[in-house]
1. Can you find a residue that is within 14 Å of another protein chain (Cβ to nearest Cβ) and within 24 Å of A:Glu47 (Cα to Cα) anywhere in segment A:148-165?
2. Tell me which residues, restricted to segment A:47-70, are of a type outside the set (Gly, Ala, Ser) and under 30 Å from A:Tyr168 (Cβ atoms).
3. Which residues, counting only those in segment B:177-205, are outside any loop (DSSP other than H, G, I, E, B), buried (at least 17 other Cβ atoms within 10 Å of the Cβ) and in contact (Cβ under 8 Å) with a residue 24 or more places away in the chain?
4. May I ask you to list pairs of residues, at least six apart or on different chains, whose Cβ atoms are under 9 Å apart, with the first in segment A:29-42 being over 16 Å from A:Gln124 (Cα atoms) and the second being charged (D, E, K, R) and surrounded by 21 or more Cβ atoms within 10 Å (Cβ to Cβ)?
5. Looking at segment B:108-169, what strands (runs of 3 or more DSSP E) fall wholly within it and have at least 2 residues that are within 20 Å of B:Glu183 (Cβ to Cβ)?
6. Among the residues of segment B:66-89, which ones are crowded, with 18+ Cβ neighbours inside 10 Å and within 17 Å of the chain's Cα centre (by Cα)?
7. One residue is enough: does segment A:107-114 have a residue meeting the conditions more than 14 Å from every other protein chain (Cβ to nearest Cβ) and free of Cβ contacts under 8 Å to residues at least 60 places away in the same chain?
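Read the figures in this text as sums done on the coordinates, not as results from a lab. Owing to the predicted nature of the structure, the values given are computational and were not obtained by experimental measurement. Here Cβ is always computed from backbone atoms with ideal geometry, including for glycine, and neighbour counts include all displayed protein chains.
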Amino acid sequence: MNKLTVPVALIALCISITCMVMLFSQKQKTVFVNIETVYDEFLMKKELEAKFDNVASVRQQILDSLKLELTILSKSITSKNDVEKINAFQAKRQAYSLKEQNYLESTEQTNEQYKTQIWKQLSQYIKKFGSKNNYQYILGFENKSAVLYGDEAEDVTAEMSSYVNNAYKGDEK
Amino acid sequence: MLIKEMKSRIQVLIVIIICLCSCGKKNLSTADYVSWVENESNGLSVTKSFEDIKYRLLYKPVDYILAKELINNAIEKNEIESRKKELGSMNYFTLRIESTTSNELMRVNIKSEDEYYHRLEYFMSYMQDDIYLVDGTDTISPNLFHFERNYGLAPFNDFVLGFTKASEKVNDLYLIYNDQVLETGKINIKINKADISGIPNLIIN
């Protein structure tokens with residue numbers, strides 16, 4: 001009887017340790033991320049930003065060249081009797097204002113559209129990241145707010161950033 | 001000593017045979033082949049879901065198309081080889097776009113009837129300009145594009161796509177759809193080359 005006691009006790013100890021390790025590893029965690037970093041590093045955001053900047057720069061070039069034409073035209077008007085030139089100047093100025101207004105509205109609209117698209121995808125990938133890692137909560141903070149202290153080990157910004165970019169590229173299923 | 005050596009050699013041989021058997025491709029009948037390809041766990045059907053829209057890309061090997069045609073009696077057995085040749089030089093896909101909030105994809109988040117017709121026109125004519133396939137280092141536009149209209153009978157629409165193969169080499173395939181009407185933006189869906197290489201053989205009885 002005594003011979004059996006020690007091995008049985010050892011086996012029981014091993015089983016309880018294994019159970020504790022399993023329980024601990026399965027426990028849902030709360031982590032935090034710098035959402036501003038995740039957003040800024042998101043590939044889709046970078047791609048759309050580049051596209052947006054490109055369009056904005058082309059539009060600015062068009063406006064600049066119209067403005068230059070206006071300046072040249074205004075300098076060529078020497079007297080009030082220069083009716084033809086004055087009319088041309090006014091027409092051009094109106095066209096310039098109209099174009100500027102159109103671009104402004106279109107830029108705002110595109111900006112909104114891109115933001116909607118980015119968040120639609122990003123929020124979905126974040127949800128998947130959370131469920132895949134069995135997190136209970138993911139707290140998002142920006143550079144100067146919300147999480148006043150957090151153990152660095154619970155900061156999963158880099159992991160999330162990498163996951164959402166892979167998910168966007170199609171490499172993560 | 002000799003018996004021991006023999007035993008260990010036999011063991012090695014058994015392991016090799018088991019490995020070879022497990023590495024070999026499966027042979028499947030038409031119905032099983034179709035089910036295998038459509039089974040998401042085999043990697044040829046990949047889904048990407050968002051709040052209100054779900055994209056599902058199905059990679060269709062030539063044998064899958066043949067199997068479906070045989071099941072539907074669209075071809076005879078003696079036509080298989082010629083049909084295979086006809087289909088052989090392209091990668092085929094079906095892209096299914098589904099609404100998870102509406103009965104009709106065409107009407108998801110629309111604000112006016114005009115928007116419905118604009119979407120219809122886009123799906124029928126212009127969408128193909130926003131789709132391409134990255135096959136290895138090549139980026140290919142679709143040679144085949146067909147929008148399957150269902151007149152609101154289902155919450156999804158299917159788009160049949162075909163791309164000329166960049167090479168005979170099997171690569172990872174990335175389907176890229178630059179969405180213009182459903183507010184999801186650019187979508188990338190990947191079919192792994194390992195999953196393409198592991199496609200079973202179709203056995204036609």
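1. yes
2. Result: A:Glu47, A:Leu48, A:Glu49, A:Lys51, A:Phe52, A:Asp53, A:Asn54, A:Val55, A:Val58, A:Arg59, A:Gln60.
3. B:Tyr177, B:Ile187, B:Ile189, B:Lys190, B:Ile191, B:Asp195, B:Ile196, B:Leu202, listed by residue number.
4. none
5. The qualifying strands (runs of 3 or more DSSP E) are B:156-164.
6. Hits for segment B:66-89 are B:Leu66, B:Ala67.
7. yes
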